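Please read the structure below before turning to the comments.
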Amino acid sequence: MSLLSVQGLGISFGGLSAVRDVSFAVNAGEIVSVIGPNGAGKTTLFNMISGVYLPKAGQVRLDGETVTGLRPDLLARRGLSRTFQNLQIFQQMSVLDNVVVGFHLHERGPVLSDLLGLPGARRRSRASTQGARELLERVGLARAAEREAGALSYGALKRLEIARALAVRPRVLLLDEPAAGCNAVETEEIDRLIAEVADSGVAILLVEHDMKLVMRLSHTIVVLDHGEKIAEGDPATVSRDPQVIEAYLGASAEVIDAHG
Amino acid sequence: MSDLVPFSDLLQFLVSGVTVGAVYALVALGFTIIYNASDVVNFAQGEFVMLGGMISVAAVSAGLPLPLAALIAIVITAAIGVALNTLAIEPARGAPVVSLIIITIGASIFIRGVTQIVFGKGTHRLPPFSGDAPLHLFGAAILPQSLWVVAGAVAIFVGLWLFFTRTLTGRAVLATSNNRLAAQLVGINTGFVMTLSFALSAGIGALAGVLITPITPTSFEVGITLALKGFAAAMLGGMGNPKGALAGGLLLGLLEALTAGYLSSHYKDAVAFFVILVVLFAFPRGLYGSNPTERV
Amino acid sequence: MRLSSKQATLLVLAVLILVSPAFFPSNYYYRVGAMVFVNAIAVVGIAILTGYAGQISLGHAGFVGIGGYACALMPLHFGVPPLLAVVLGATLSGVIAWLVGRPILRLKGYYLAVASLGFGVLVAMVLANEGQVTGGPDGIKVPDPGARAWLTGLGLELSNAQFWYVFTGLFLLAGAWLALNLNDSATGRALRALHGSEVAARTVGVDVARAKLMAFVISAVYASVAGSLLALQNRLITPDVAGYMHSIELVTMAVLGGAGSVLGAILGAALLTLLPQVLTVLQDYEHVVLGLVMMAVMIFLPAGLLPSAQRFMRGRGE
């Protein structure tokens, strides 16, 4: 059974339909990318799956369990985690603490033991700090650990969000434009990181404008246009689909180039 | 005959409720104008009412005729409103809500402090505009000053409505409150709109102060309570909505008068806060709450 | 050995409490010091609510009032020992905060400010109006907890002012210790996270509503204990401690010093408590100065005095 499956998902804002009847599934260890022109509804789709928006129609299933419209924190408990297109960093906190927060579900205990600084709370705190340092190492931010997060570059913040999302130890990971604003070296690092995470058995749903990255990584590509799914398939099939080429118009050449 | 007595009581309560309510409505309107222009809730709003009363009292006791005294009070208070915007609100543009709350409360305490130094701690009253012989209606006594208050409030609301709908400047203010950036793009001087809003809001507050001071004596301390009540009224009617300010103000005035009359005069001042809590519990986004979706 | 910033903060605080009396010109200053500590306890609570979690309350003086009156009314009406009344008052405040916080913490910004303000004003009004139970607007006497007599019995002779200086100072140290523990724990990080971005906090599994409620309840307990200590020390409690102005003062103290840091909050409490003492000559100007300080700090040093100073020092150090 698919880890994440979406059936007939739809939402409208002020009577305007933003996403309509979208269905697809992601298996463990698989990378599925959602592509489409700007305004196609990719981020809106993400927001529905991750519980930020309440869908008007359709269902989201996590490992068979219906989780449609569940609060994001309850989804996190069930193993769904995400990053944001417009960064949602805890600006006033250190880089390290941003990731330590990601371990919240594994670290939390009775508030009283947190207040009293009991050994249990301190041990949990040490464990998540240790875990956070390892994750920072993994995304190449270990040296920035003690800096204030607000001071990092855009590309570094993107990786910081990935580290934070991984701290949740997700079974399903939603990445919204992880490579946006990153230089070639950083993009390559992210590319490698995503592949690694998928190899460890996590189901990954990806929105990304860097077509090279999408074509190289994805097992399946879902194409959205005007809120509707117009194509789905492996990278080779999708890049030859006439409807997809039309939707992208000028960008069509890029799609094919990237694959060729 | 016996059931006529309670009726005249009720009528009396309604009269005083409408009078006080008209003042609350004007304070709420002041909140609304500034909130719409700048998204700031000005906790110093009540001080404008206090200044209107105190300055006109001082001017009258200096021998000036009442209309001139009122005019001076309104102009000076409007200038103070503009100064508040220029010196304290504009420099903190974009600051978190907590900071803005502290700034306007700080302004309120400052204005109160200065007033106390300039005019002293005493309570003052203006002479009624047209005598104090009450008019009798079905057994209820109506002070002529109450009619002045209500007429003044009506005049302000009608005048503002005309200003916002019929004049170019008024429409510019409305446009700015809808979308500041878009207003700037079509060439509206939003800085001027802010200045104008603070001047209008302070001037209206001062006028309310002039109108009510013959009924309720004023002192340097009265502003806080008025601000809180006016805010309650604005929130009751829906923040940012002038018609809501009017409805909320009148409703609050009536509820207070009825509470004082039938339940307990001690808890008259609690009504506003009780109402706020009930409204907020029932409608957590306010009565006219906006789009709940957050852009992420 | 290198001290953690938590240990360093506590050490600085303990040294300040111990060393300050060496500079006191008279016994009266022990009283002023104890007032600083009492306010600081409440303000550390505000730091947790506003500085950590980013939620505003303009009604926390209501909890100060509940804590204070608990020490007057519980001994009077139920024969509860005053020190036990501190604990019961704090429990009561916590329960009330939980009940009130659940609905009002759904609100944001100005709406939360006004709802909490409404709560505080209602508490103050009940305390002033229910004279038969509470003693009314003039306040009510508070019994002596007898702790000083007990110390004297042990051979430790302290003046009344000295005793309260030490007693409230110990409470402040404990309060600071708890707040610093919290800051460095899962709960504290969750609070700071939701302050930064509620949606991101949710996606890492933080139950935002519950976390806010925790912060509200904890800060209410701080305020309540501060109120109890105030009542016990003064042997009298009046309804204005629950009033709107007191709530404003508490929030101002917190943001003045820097609500994000425990030491900053304590600094803010110290400055605003000492201000009227310094201005006794110019008593009429107290409000003018207070208002100016509030506006100036928020405009020029929005992070508060201590964090701004630290940033400045760090900037020069590099």
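Residues are listed down the side, and each one gets a yes or a no for (1) of a type in the set (D, E, K, R); (2) touching a residue at least 40 places away in the same chain (Cβ under 8 Å); (3) surrounded by 17 or more Cβ atoms within 10 Å (Cβ to Cβ):
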position	(1), (2), (3)
B:Phe129	no, yes, yes
B:Gly159	no, no, no
B:Leu162	no, no, no
B:Leu168	no, no, no
B:Ala172	no, no, yes
B:Ile188	no, no, yes
B:Val193	no, yes, yes
B:Ser197	no, yes, yes
B:Ala202	no, yes, yes
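Of all the criteria given as (1) of a type outside the set (Phe, Trp, Tyr); (2) away from chain C (no Cβ under 11 Å); (3) under 14 Å from C:Val206 (Cα atoms), the one not satisfied by A:Ala18 is (3). When each of B:Gly230, B:Gly223, B:Gly240 is tested for being within 14 Å of chain C (Cβ to nearest Cβ), outside any helix (DSSP H, G or I) and either closer than 17 Å to B:Ala28 by Cα or not aliphatic (A, V, I, L, M) (or both), the lone residue that passes is B:Gly240. Among the residues of the stretch B:245-271, those identified as touching a helix residue (DSSP H, G or I) at 6+ places or on another chain (Cβ under 7 Å), surrounded by fewer than 24 Cβ atoms within 10 Å (Cβ to Cβ), assigned to a helix (DSSP H, G or I) and not β-branched (Val, Ile, Thr) are B:Ala247, B:Leu250, B:Leu251, B:Leu254, B:Leu255, B:Ala257, B:Leu258, B:Gly261, B:His266, B:Tyr267, B:Ala270. Against the conditions (1) assigned to a helix (DSSP H, G or I); (2) closer than 28 Å to B:Ala227 by Cα, C:Gln277 satisfies every one except (2).
For C:Trp164, state whether it is more than 9 Å from chain B (Cβ to nearest Cβ), within 27 Å of C:Ala22 (Cβ to Cβ) and outside any loop (DSSP other than H, G, I, E, B). Answer is yes for this residue. In the stretch C:41-55, the residues that are farther than 28 Å from C:Tyr165 by Cα and within 12 Å of chain B (Cβ to nearest Cβ) form Cβ pairs under 7 Å with partners that are assigned to a loop (DSSP other than H, G, I, E, B) and among the aliphatic types (A, V, I, L, M), at six or more places apart or across chains, as follows: C:Gln55/C:Leu105.
Restricting attention to the stretch A:112-122 and to residues that are facing chain C (nearest Cβ under 7 Å) and either assigned to a helix (DSSP H, G or I) or in contact with a strand residue (DSSP E or B) (Cβ under 8 Å, 6 or more places away or on another chain) (or both), the residue that is nearest to C:Ala179 (Cα to Cα) turns out to be A:Leu115.
Annotation note: of A:Arg82, A:Arg77, the sole residue that is at the interface with another protein chain (Cβ under 7 Å from one of its Cβ atoms) and buried (at least 17 other Cβ atoms within 10 Å of the Cβ) is A:Arg82. From the list A:Ile221, A:Ile230, A:Ile162, the one residue that fits, being away from chain C (no Cβ under 14 Å), buried (at least 20 other Cβ atoms within 10 Å of the Cβ) and among the β-branched types (Val, Ile, Thr), is A:Ile221. From the list A:Arg192, A:Arg240, the lone residue that is without any contact (Cβ under 8 Å) to a residue 24 or more places away in the chain and under 28 Å from A:Arg78 (Cβ atoms) is A:Arg192. Scanning the stretch C:167-187 for residues that are within 7 Å of chain A (Cβ to nearest Cβ), surrounded by fewer than 24 Cβ atoms within 10 Å (Cβ to Cβ) and either of a type outside the set (D, E, K, R) or not in a loop (DSSP other than H, G, I, E, B) (or both) yields C:Leu178, C:Asn181. Counting only helices (runs of 4 or more DSSP H) that sit wholly inside the stretch C:56-144, those with at least 1 residues that are among the polar types (S, T, N, Q) and more than 30 Å from B:Pro96 (Cα to Cα) are C:82-104, C:109-129, C:131-134.
The residue that is nearest to C:Leu112 (Cα to Cα), counting only those in the stretch B:264-291 that are modelled with pLDDT of 75 or more and not hydrophobic (A, V, I, L, M, F, W, C), is B:Asp269.
In the stretch C:75-104, the residue that is farthest from C:Phe216 (Cα to Cα) out of those that are crowded, with 20+ Cβ neighbours inside 10 Å and among the aliphatic types (A, V, I, L, M) is C:Ala85. Flag: C:Met253 matches the condition of being closer than 19 Å to C:Ala269 by Cβ, modelled with pLDDT under 95 and either buried (at least 22 other Cβ atoms within 10 Å of the Cβ) or not hydrophobic (A, V, I, L, M, F, W, C) (or both). Screening B:Ala183 with (1) surrounded by 12 or more Cβ atoms within 10 Å (Cβ to Cβ); (2) within 26 Å of B:Pro67 (Cβ to Cβ); (3) without any contact (Cβ under 8 Å) to a residue 12 or more places away in the chain gives one miss only, at (2). Exactly one residue out of C:Gly264, C:Gly258 is touching a Leu at 6+ places or on another chain (Cβ under 7 Å) and on the phi > 0 side of the Ramachandran plot, and it is C:Gly258. Listed residues A:Val67, A:Val95; which is closer than 26 Å to A:Ile204 by Cβ and touching a residue at least 60 places away in the same chain (Cβ under 8 Å)? It is A:Val95.
Considering the stretch C:277-291 alone, what residues qualify as being in contact with a Leu (Cβ under 8 Å, 6 or more places away or on another chain) and of a type in the set (A, V, I, L, M)? Scanning the stretch C:277-291 gives C:Val289, C:Leu290.
Hey, does the stretch C:207-223 have a residue that's closer than 24 Å to C:Ala14 by Cβ, part of a helix (DSSP H, G or I) and away from chain A (no Cβ under 14 Å)? Checked against the condition, which is being closer than 24 Å to C:Ala14 by Cβ, part of a helix (DSSP H, G or I) and away from chain A (no Cβ under 14 Å), the stretch C:207-223 yields at least one hit. Evaluated against (1) more than 7 Å from every other protein chain (Cβ to nearest Cβ); (2) at pLDDT below 95, A:Val95 falls short on exactly one condition, (2).
Looking at the stretch A:39-74, which of its residues are hydrophobic (A, V, I, L, M, F, W, C), buried (at least 22 other Cβ atoms within 10 Å of the Cβ) and more than 9 Å from chain C (Cβ to nearest Cβ)? Across the stretch A:39-74, the qualifying residues are A:Ala40, A:Leu45, A:Phe46, A:Met48, A:Ile49, A:Val60.
The sole residue among C:Leu11, C:Leu3 that is over 30 Å from B:Leu100 (Cβ atoms), out of contact with any Gly (no Cβ under 7 Å at 6 or more places or on another chain), away from chain B (no Cβ under 14 Å) and assigned to a loop (DSSP other than H, G, I, E, B) is C:Leu3.
The values are calculated or read from the model by the stated rules, or taken from the named source; none is laboratory data. Remember, it's a predicted structure, so these values are computed and weren't measured experimentally. Glycine gets a Cβ as well: all are built from the backbone with ideal geometry, and neighbour counts include every protein chain shown.
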